[in-house]
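Everything on this sheet refers to the single structure shown next.
The values are calculated or read from the model by the stated rules, or taken from the named source; none is laboratory data. Since this is a predicted model, take the numbers as computed values, not measurements. For neighbour counting, all protein chains shown are included, and Cβ atoms are generated from backbone atoms with ideal geometry for every residue, glycine included.
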Amino acid sequence: MISLVMGRFQGLHFGQFGLIRSALMSGADKLQIIIGSSFQPRTFKNPFTFTERAEAANLSPLFVKTIVGR
């Protein structure tokens with residue numbers, strides 16, 4: 001089973017952390033994060049580039065441990 005989490009991730013917020021946490025705890029074999037608005041230029045509404053948002057959403061083991069609590 002694959003869990004999907006989709007968002008713009010223009011600054012991770014508690015709602016997105018909750019979605020990621022639920023997806024990780026669902027027992028899925030794999031988690032895929034889909035970053036929307038990936039080709040939008042930097043604006044006031046979209047202050048971060050796709051690369052910056054992808055780095056912020058990086059699921060390193062420490063990040064997973066922090067949001068899952070294991």
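For segment 25-46, filtered to residues that are over 13 Å from Ala57 (Cβ atoms), surrounded by 10 or more Cβ atoms within 10 Å (Cβ to Cβ) and not polar (S, T, N, Q), the residue that is modelled with the lowest pLDDT is Ala28. Within segment 1-18, being within 9 Å of the chain's Cα centre (by Cα) and buried (at least 16 other Cβ atoms within 10 Å of the Cβ) holds for Val5, Gly7, Phe9, Gln16.
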